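Peer 1: The structure follows.
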Amino acid sequence: MNATTEKRIALISVHGDPAIEIGKEEAGGQNVYVRQVGEALGRLGWKVDMFTRQVSAAQEKIVQHSENCRTIRLTAGPVEFVPRDDLFGYLPEFIDHFLAFQRENGITYQLIHTNYWLSSWVGMQLKKIQGSKQVHTYHSLGAVKYNTIEVIPAIATKRLAVEKEVLETAETIVATSPQEKQHMRSLVSTKGKIDIIPCGTDIQQFGSVDRQAARAKLGIDPEAKVVLYVGRFDPRKGIETVVRAVGGSKLRDSQKLQLIIGGGSTPGNSDGIERDRIEGIINELGMNDITTLPGRLCQTILPTYYAAADVCVVPSHYEPFGLVAIEAMASGTPVVASDVGGLQFTVVPEETGLLAPPQDVEAFREAIDRILINPQWRDELGKGARERVIRKFSWDGVASDLSELYTQLLEQPVAKSLVETLEQTLEKPAVPPAVESPKAAALLS
Ligand code: UDP
């Protein structure tokens, strides 16, 4: 790599702050992905700056994670939590602050990896403004998501158009599973380049605790049959399915059955609506004595929960990848998951767990019971699960694939058509300084 192609990258994740606590409202897999990819790339010698939006005055502007990797929080709209569907109008300001940061620090990011459609729009504008090369990961596809929810938000048309444009214009799209790639091709566009590089997990952290020790630490009976859910309280996550499945389990009366639902923020926050609804179902089914809701689980205690469980259930209605599945698998715990999206890629039925149609309570009940009834098979599945993760889904492996991709892109010359566009942009008269968000606002119109 020559001097002009130094190993520097901006990861942009407007709404998914890589430096915050995971598991609360709207903070989940994307935050983990960006943080882990950033840190792993840093270990490979990349200078990694992860840009996100500041949501509270108490937050530090810059968080240094390691020598080469930091989170940089930019102002875009009010300095408070704004749901992602309401963020689009603040993106020009995000771009202005990004450009100001570059100027102040004497940096021009030649390579940008954007995350989720909002950031993809930011990346596309930076491509037009300064010729940055763009890699994009969707994390969720509007075209798929809108099929699984009843109330379509007002921003949907915009999102679908942006998702199509980025697929057709980015240097490459990183799909995290073959299923996601197929959705892009069939539902978004047949044009554009797609590489498949999965999400990863920390195979040292997950898998570091044995079951007996984990149960002792959490005060769980060694003889209990433990079913675990981990994730956000969001109706799309299908928590109702696992509650009803465990409620109807054949083992419910004869065995010490236990359901743990980990995740969510403290009562009073926006995900509390789904939490209240789920608690209502637990009450209705008389499951209070066998269910615990420990709230958000931090990354240091999570390996203990996964290790303590007999089976981890991922009942999502749709899941582009699903980090929880590979975290459980890395911990030697088989997974019963919905037969959708990335879960079809990570979970191999009868080898690392079982798949069931989403929202099919009876199929989930049967799959969970099959595993719980046969401890020896459960252990075999758990072993197969960990082996699969080690083989395919370690963060260091993922980061090294990404590093190779980035290096190739940086070495490619800028496309001729883009050089012409940039020259034309530079020839245009400058926008008077009094106009707020000059370059970026013009792009919005
Ligand atoms: N998570 C966590 N604590 C919790 C709940 C979730 O740390 O209490 C983490 C979980 O370990 C995983 C991520 O949040 O790394 C969720 O990612 P996933 O892809 O499964 O779902 P998403 O939230 O992106 O829909």
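The values are calculated or read from the model by the stated rules, or taken from the named source; none is laboratory data. Treat the numbers as computed from the prediction; the structure is a model and nothing was measured. Cβ coordinates were reconstructed from backbone atoms using ideal geometry, including for glycine residues, and neighbour counts include every protein chain displayed. Heavy atoms of the whole protein, side chains included, go into the accessibility calculation; ligands, DNA and RNA do not. Shrake-Rupley method; radii C 1.70, N 1.55, O 1.52, S 1.80 Å.
Peer 1: So which residues in region 180-210 are assigned to a helix (DSSP H, G or I) and surrounded by fewer than 21 Cβ atoms within 10 Å (Cβ to Cβ), if there are any at all?
Peer 2: Within region 180-210, Lys181, Gln182, His183, Arg185, Ser186, Leu187 meet the criteria.
Peer 1: Could you pull out the residue among Ser400, Ser338 that is under 27 Å from Gly38 (Cα atoms) and either within 18 Å of the chain's Cα centre (by Cα) or touching a residue at least 24 places away in the same chain (Cβ under 8 Å) (or both)?
Peer 2: Testing whether each residue is under 27 Å from Gly38 (Cα atoms) and either within 18 Å of the chain's Cα centre (by Cα) or touching a residue at least 24 places away in the same chain (Cβ under 8 Å) (or both) leaves just Ser400.
Peer 1: Tally time: how many residues in region 157-173 are open to solvent by less than 10 Å² (accessible area, probe 1.4 Å) and over 14 Å from Val188 (Cβ atoms)?
Peer 2: Here the count works out to 1.
Peer 1: Helices (runs of 4 or more DSSP H) wholly in region 39-152 with at least 2 residues that are among the charged types (D, E, K, R) - which ones?
Peer 2: 91-105, 116-130
Peer 1: Tally time: how many residues in region 317-350 are farther than 18 Å from Pro178 by Cα and among the hydroxyl-bearing types (Ser, Thr, Tyr)?
Peer 2: The total comes to 2.
Peer 1: Hey, does region 145-166 have a residue that's modelled with pLDDT under 95 and among the aromatic types (Phe, Trp, Tyr)?
Peer 2: yes
Peer 1: Would you confirm whether or not region 27-44 contains a residue that is more than 16 Å from the ligand (Cβ to nearest atom) and either under 29 Å from Leu160 (Cβ atoms) or of a type in the set (Lys, Arg) (or both)?
Peer 2: yes
Peer 1: Continuing with this model, one more query. From the residues in region 286-296 that are open to solvent by less than 50 Å² (accessible area, probe 1.4 Å) and farther than 13 Å from Gln258 by Cβ, which one is modelled with the lowest pLDDT?
Peer 2: That would be Gly295.
Peer 1: Could you give me the residue pairs with C-beta distances under 9 Å whose first residue belongs to region 175-190 and is within 16 Å of Val135 (Cα to Cα), whose second residue is among the charged types (D, E, K, R) wherever it lies, and which are 6+ apart or on separate chains?
Peer 2: Ala175/Lys181; Ala175/Asp195; Lys181/Asp195; Met184/Glu163
Peer 1: Check off (1) modelled with pLDDT of 95 or more; (2) open to solvent by 10 Å² or more (accessible area, probe 1.4 Å); (3) under 17 Å from Ala214 (Cβ atoms) for Arg370 and give me the number that stays unchecked.
Peer 2: Every condition holds for Arg370 apart from (3).
Peer 1: Where residues in region 297-319 are touching a Lys or Arg at 6+ places or on another chain (Cβ under 6 Å) and closer than 15 Å to Gly231 by Cβ, which of them is surrounded by the fewest Cβ atoms within 10 Å (Cβ to Cβ)?
Peer 2: This residue is His317.
Peer 1: Here is a check on your reading of the model: is Ile62 within 26 Å of Lys127 (Cβ to Cβ), open to solvent by 20 Å² or more (accessible area, probe 1.4 Å), away from the ligand (no atom under 15 Å from the Cβ) and without any contact (Cβ under 8 Å) to a residue 60 or more places away in the chain?
Peer 2: Yes; evaluated as a whole, the condition is true for this residue.
Peer 1: In this structure, does Trp117 turn out to be open to solvent by less than 20 Å² (accessible area, probe 1.4 Å), on the phi < 0 side of the Ramachandran plot, more than 16 Å from the ligand (Cβ to nearest atom) and not charged (D, E, K, R)?
Peer 2: no
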